[in-house]
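Visitor: Would you mind keeping the following structure in view while I ask a few things?
The values are calculated or read from the model by the stated rules, or taken from the named source; none is laboratory data. Not measured: the values here are computed from a predicted model. Glycine gets a Cβ as well: all are built from the backbone with ideal geometry, and neighbour counts include every protein chain shown. These area figures cover heavy atoms from the full protein model, side chains too; ligands, DNA and RNA do not enter into them. Shrake-Rupley method; radii C 1.70, N 1.55, O 1.52, S 1.80 Å.
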Amino acid sequence: MSKGTEQSPKQSRLKNWLLSIDSLKIMKWVVYLFFFLFLVLPLISVFLVSFTGQPVNLLGSLVNPDIMATNIERLSNASLEHYASLLGGGTYFSALQNSLALAIGVSILVIIMCIPLAYAFARTTMPFKKTLAALCTIPLIVPTFISAAGFIIMFGRTGWVNTLYQSLGFDGLLINAYSMTSIVLIQVFFFFPFALWPMVAAFKIADISLEEASNNMGAKNWSTMVFITFPLAIPGIISAALLIFTVSFSDFGTPIILAPDGLNLIVVEAYREISGFFNWAGASILTIVMVAVAAIFFWLQRFITRNMDYGTLSGKPKGTKLNDSKVVTRSLFVYTCIVLVLPMLAIFSVMIQSFATTWGTGLLPRGFTMDHYTTVFTRSGDNIMNSLLLAGGALIISVIVATLVSYFVVRENTSKLDFMSSIPLIVPGIALGIAYIQTFNTAPLQLTGTAFLLIVAYAIRRMPYMIRSTMGTMMAIKSDIEEAAVNLGASKLVAIITVVGPLMLPGIAAGSILVFVTVIKETSITVLMAPSDWAPMSLMVFQNLLRGEVYTASAMAMLIIALVIILQSIANKMTKNSLY
Amino acid sequence: MGSVKVKNLVKKYDKATALKGVNLDIKEGEFYALLGPSGCGKTTTMRCIAGFENPTSGEVLIGEKVVNSVPANRRNCGMVFQSYALFPHYNVFENVAYSLTIRDLYNGSFGQRAKTFARLIHKKLGKPSKEIQEKVHDALKYVELDHLADRGVNELSGGQQQRVALARALVMEPSVLLMDEPLSNLDKKLRNTMRTTIRKIQQDLKITTIFVTHDQEEAMSMADHVAVMRDGEIVQMATPTELYSNPKDPFVADFVGSSNIYQGKVVDRKENGDSIVKVNDNTILESTTHTDKEDVEVLVRPEGIEILKNGRMEDHNVLEATVKISTYLGPTIRYDIELAGMEVMVEEEFQPNTTLFKEGDVIKVFLPAERVLLI
């Protein structure tokens, strides 16, 4: 303090009080409040609504006694009647059945399809392995509603594949784009990379020495494969199957576009209940069911991977003996290419359509034009801007929250926060949207229909991925660097901002790009929650598809894909995460 | 201003007790070493002084003031970490300037503080004040690194990083300098140079320094006072010479230099108080130590034993022994000998005309009474 400034006792008391505040503790409470308000509270509200059948305004109860009274009355009338009707058959029950059947079927098909692939990548000298590996990640880049659009171009009534099929002399359609079959196909061929890479890892872990022992004892190569290699990889395979189940079960983009009228799926049903009929009771029951199912399978997957021994993953750099038999590697190469044909064709179809003047019946469009891109850039500049702004907003929130959460979890062992921040993993997008709409529908926090709530929803939904990325770098920062900053006079918060934060930048940057990318791709929350004056690119594609403006939709879709590929490759470079 | 006192410091963790009542009284300007094996509590003691650990009970006083409730960032202890803990995203200058910049961040008008904050985020966002520049360059000159101010810290050698860490701690003019095994990451030669550098700086600045180490040579060669710790307790506090020549305890004796230690019994006392002690039930030795105890530990340093050559005679403590192993160490020779059924180490200075004994040679050794310590 300089000599010239005399402070009144009151001022200095205030200063002392300000100094005594532990700013870090405040941040911790802010983070807790954030998760409580935008995650726990909406889920609790939805849970209560599923019993009462009418909106329950929990926040309102805190500020207004009248609302409190209404709520208590509604809660006292709570009953299991809605759940009973769910189990008693009817549309909800069949929706659940269909969704479960879809998810189980897709998981099984994906696993069967991926076993040879995973073996090829992990254990053979398959030609063009790196190129194929890169191609195998492309399906993940494409939002499912765009793949669905591609399927319509291929397998629609006038789709080129069906045209080709008929010109070969067959009757009817090869596959109907608007059917359960095509939904299954899209999910299988676009979700398989989710399972492939964990399975490759599982095949790599499996103990080579056991296999050598088996061969040594006279077993043939194929019997070693069947009796030793495969069983050892089983935990990894099951875990991958459970992951696919969750992804398929909560996928919104495919069914919302392709589900035919007769096919009831739980995500579509929930969407219709809330956006079509404002049926609080129905929507919330479906939400609870979705969360419950996702939670069970998520927990199962965690349970299985927990018992998996990853110990050998890091410690065994010695070269695995790869299968280099020409017959095996070449047939696996052909197989991999066949697997990649369908997703590539779907993306290719969207691309062709984005350049087409008109494309009715026929193998190829009548002519080619850049008009749709011109239209997209002149008429939909706003949508592009909105996407960037919304994604940017979500990114800022998730960077701040994820950095703080990783700090608290790594340095202070705050396991509660770790748990809370992983909850979004089990909440399907559509479920989170419904919970938000219900909770923030009325005062005091009337946020439904605002861009802010949409941004928060994006941020919450992608938070676990962001945290995974920042947590990794946080663990690599030794605590003494931070102690040094404190020792040199910085408060803990200042130490985090000036020292820990900058050192976490690589993780933050990689995580942010991934958040940005997934927000741009996001369908379910966007369709449910985006206010019309804030419509992002994905919503525009979606609406255009429904309206039948397929050409501009395709052009915009290509734009999204291009953006995603560019950003994702930057992120990959940053994290240098190469599987090979 | 710079004295440090620690009173009855106890630190308990969930399962273990790290400190069981540690007392220290370190005077201003003193160089104090905490010496002990790993896990003895020396680092915990230092972390309690720095404020990184909250003691379970007991008091820490810096400059006669109890600082238990003062947070670590306001204790004004400069600390040099074992890993140096330099900030990898800052260059040498920014590392050293950090404490001064932070000081600016907490003082001044809002605008000034915003500027300071910007500078902390990136060096291009603002220039440090003249005062800071001067202070940092002075500190860097002090450790002879002024020419490297713009280097990234990862481009420096281990010894240079060490000196940056030292400059960074000194620039804040701390009331106490804390050093946690600062030399353990350096090679042996560099370690010896740094010992001299650190000691010289400490003497120049007359700064109270606490130095944690497990290396007795380091502690003995640098410190004014040494506290030897074991299992969360201080075993002995003394000057280095006192510690070596008069260890209180076999643990200290063994930790501070190598030594021959045997069980013994005092069987008689001379008129002047000197003791006659029986070792290993078969050997009688005289010792100048005065003691009331009967059961004692008998300690003889290897260099305290003389090998009698060229017909030299002594009137007491002369024994016959057989050479088992002879090791040439350069300036000295070490013999492992068998003496009345005991294994004994003897160290002798090597001179060009020294006779070297071989394995199996029978020699006469002399243990001067003043070198035979009873503890």
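Visitor: Sorting check: for A:171-181, A:391-401, which peptide has the highest mean count of neighbouring beta carbons within 10 Å, and how do the rest follow?
Guide: The packing order, highest mean first, is A:391-401, A:171-181.
Visitor: Given the convex hull of the Cα atoms of chain B, what is a quarter of its surface area in nm²?
Guide: Approximately 24.2 nm², given one-decimal rounding.
Visitor: Report the antiparallel proportion of the DSSP beta bridges in the protein assembly as shown as a percent, rounded to a multiple of 5.
Guide: 75 percent
Visitor: Related question: Are there any trypsin sites (Lys or Arg not before Pro) in segment A:322-367 that are in a DSSP loop and have at most 12 other Cβ atoms within 10 Å? List them by number.
Guide: For trypsin sites (Lys or Arg not before Pro) across segment A:322-367 that sit outside H, G, I, E and B with at most 12 neighbouring Cβ atoms in 10 Å, the list reads A:Arg366.
Visitor: Count neighbours as other Cβ atoms within 10 Å of each site's Cβ, and list the GluC sites (Glu not before Pro) in segment B:1-79 that are DSSP loop with at most 11 such neighbours.
Guide: Here the GluC sites (Glu not before Pro) that fit, given the DSSP loop and packing criteria, are B:Glu64.
Visitor: In whole Å, how far is the Cα centre of segment A:259-300 from that of segment A:77-143?
Guide: 17 Å
Visitor: Once the cut-off is 21 Å, how many percent of the Cα-Cα pairs in segment B:252-327 end up in the long-distance tail?
Guide: Above the 21 Å cut-off, segment B:252-327 has 36 percent of its Cα pairs.
Visitor: Would you tell me the mean number of C-beta atoms belonging to other protein chains that fall within 10 Å of each C-beta in B:46-59, as a whole number? Before the final figure, lay out the partial values.
Guide: On the way: counts 0, 1, 0, 0, 3, 3, 5, 0, 0, 0, 0, 0, 0, 0.
The per-residue average across the peptide is 1.
Visitor: Given H placed on each backbone N at 1.01 Å, which residues far from B:Met79 in sequence or on other chains put an amide H within less than 5 Å of it?
Guide: B:Leu178
Visitor: So how strong a dipole does segment B:258-374 carry about its Cα centre when Lys and Arg Cβ are +1 and Asp and Glu Cβ are -1, to the nearest 20 debye?
Guide: Charge dipole, segment B:258-374, about its Cα centre: 200 debye, nearest 20.
Visitor: Let me make sure I get this right: for segment A:438-568, a, b and c are the square roots of the gyration tensor eigenvalues over alpha carbons, sorted descending. Under 1.5 in a/c it's rounded, otherwise prolate if a/b > b/c, else oblate. Which is it? Don't jump to the answer; show the numbers that get you there.
Guide: Values: a/c = 3.98, a/b = 1.86, b/c = 2.14.
Here segment A:438-568 falls in the oblate category.
Visitor: Now for a different question. Hey, any idea what Rg/Rh is for segment B:173-312, computing Rh the Kirkwood way over Cα pairs? Walk me through the intermediate numbers first.
Guide: Values: Rg = 19.4 Å, Rh = 17.9 Å.
So for segment B:173-312, dividing Rg by the Kirkwood Rh gives 1.09.
Visitor: Which whole-number percent is the relative contact order of segment B:258-374 (Cα, under 8 Å, 6+ apart)? Don't skip to the end; give the middle numbers.
Guide: On the way: 262 pairs, mean separation 35.6, N = 117.
Across segment B:258-374, relative contact order equals 30 percent.
Visitor: Hey, another quick one. Specify the residue with the greatest mean-square fluctuation among B:Gly39, B:Gly152, B:Gly341, computed from a Gaussian network of chain B linking alpha-carbon atoms under 10 Å apart.
Guide: B:Gly341
Visitor: Then there's this: Write out the chymotrypsin sites (Phe, Trp or Tyr not before Pro) in segment B:1-67 meeting two conditions: DSSP loop, and at most 12 other Cβ atoms within 10 Å of their Cβ. Numbers along the way, then the final one.
Guide: On the way: sites: B:Tyr13, B:Phe31, B:Tyr32, B:Phe52; in loops: B:Tyr13, B:Phe52.
Sparse-neighbourhood loop chymotrypsin sites (Phe, Trp or Tyr not before Pro): B:Tyr13.
Visitor: Report the Rg/Rh value for the protein assembly as shown, based on alpha-carbon coordinates and the Kirkwood definition of Rh.
Guide: 1.10
Visitor: At q = 0.12, 0.13, 0.19, 0.29 Å⁻¹, what log₁₀ I(q)/I(0) does a Debye calculation on the Cα points of segment B:137-196 give, no solvent, two decimals?
Guide: Normalising to I(0) and taking log10 leaves -0.29, -0.34, -0.73, -1.33.
Visitor: Quick check on chain B: of the DSSP beta bridges with both residues there, what percent are antiparallel, nearest 5%?
Guide: Rounded to the nearest five, the antiparallel share is 75 percent.
Visitor: Also: What is the dipole size for segment A:55-159, taken about its Cα centre, with +1 at each Lys and Arg Cβ and -1 at each Asp and Glu Cβ, in debye to the nearest 20?
Guide: Magnitude of the dipole: close to 780 debye.
Visitor: Moving on to the next point. Tell me, how many Å apart are the Cα centres for segment B:169-219 and for segment B:270-348?
Guide: After rounding, the separation between the Cα centres reads 37 Å.
Visitor: Okay, moving on. For segment A:325-339, take each phi angle, set θ = phi - 60°, evaluate the Karplus expression 6.51 cos²θ - 1.76 cosθ + 1.60, and give the result in whole Hz per residue in order, putting x for glycine and proline.
Guide: 4, 4, 4, 5, 5, 5, 5, 5, 4, 4, 4, 4, 4, 4, 4
Visitor: Interface A/B, total buried accessible area with a 1.4 Å probe, nearest 100 Å²?
Guide: For A against B, buried area totals roughly 2000 Å².
Visitor: May I pose another question? Alpha carbons only, please: Rg and Dmax for segment B:258-374, in angstrom.
Guide: Every Cα atom of segment B:258-374 included, Rg and Dmax give 14.5, 45 Å.
Visitor: Pop out the carbon and sulfur fraction of the accessible area of the protein assembly as shown as a percent, whole number, probe 1.4 Å.
Guide: 59 percent
Visitor: Before anything else, pin down the relative contact order of segment A:457-580: Cα pairs under 8 Å, at least 6 apart, normalised by residue count, whole percent.
Guide: 27 percent
Visitor: Sequence-distant or interchain residues sharing an amide H contact under 5 Å with B:Asn68, placed H: which?
Guide: It is B:Val60, by chain and number.
Visitor: Still on this structure, I have one more. With a 1.4 Å probe on protein heavy atoms only, tell me which residues of segment A:461-491 lose at least 20 Å² of accessible surface in the complex relative to the chain by itself.
Guide: In segment A:461-491, residues shielded by partner chains: A:Asp480, A:Ile481, A:Glu483, A:Ala484, A:Val486, A:Asn487, A:Leu488, A:Gly489, A:Ala490, A:Ser491.
Visitor: Mean separation of Cα pairs under 8 Å and 6+ residues apart, divided by the residue count of segment B:46-190: what relative contact order is that in percent? Before the final figure, lay out the partial values.
Guide: Values: 182 pairs, mean separation 52.7, N = 145.
It comes to 36 percent, rounded to a whole number.
Visitor: May I pose another question? Spelling out what I want: for every residue of segment B:350-356, take phi, set θ = phi - 60°, compute 6.51 cos²θ - 1.76 cosθ + 1.60 (Karplus), and round to whole Hz; glycine and proline get x.
Guide: With the stated coefficients, segment B:350-356 comes to 9, 10, x, 9, 5, 7, 9 Hz.
Visitor: Specify the inter-centroid distance of segment B:54-118 and segment A:360-397, based on alpha-carbon positions, in whole Å.
Guide: 52 Å
Visitor: What are the residues whose amide H is under 5 Å from the amide H of A:Gln54, where those residues sit 5 or more places off or on another chain and H is modelled from the backbone?
Guide: Sorted by chain and number, the residues that satisfy this come to none at all.
Visitor: For segment A:255-270, what does the Karplus curve 6.51 cos²θ - 1.76 cosθ + 1.60, with θ = phi - 60°, yield as ³J(HN,Hα) per residue in whole Hz, taken in order and with x for Gly and Pro?
Guide: Ordered by residue, 3J(HN,Hα) equals x, 5, 8, 9, 5, x, 3, x, 9, 8, 10, 5, 5, 5, 4, 4 Hz.
Visitor: Additional query: Give me the net charge of A:Met504's neighbourhood, meaning all other residues with Cβ under 14 Å from the Cβ of A:Met504; Lys, Arg count +1, Asp, Glu -1.
Guide: With Lys, Arg at +1 and Asp, Glu at -1, the neighbours total +2.
Visitor: Another one. Taking only protein heavy atoms and a 1.4 Å probe, what accessible area per residue, in Å², does segment B:258-374 have with all protein chains in place?
Guide: 57 Å²
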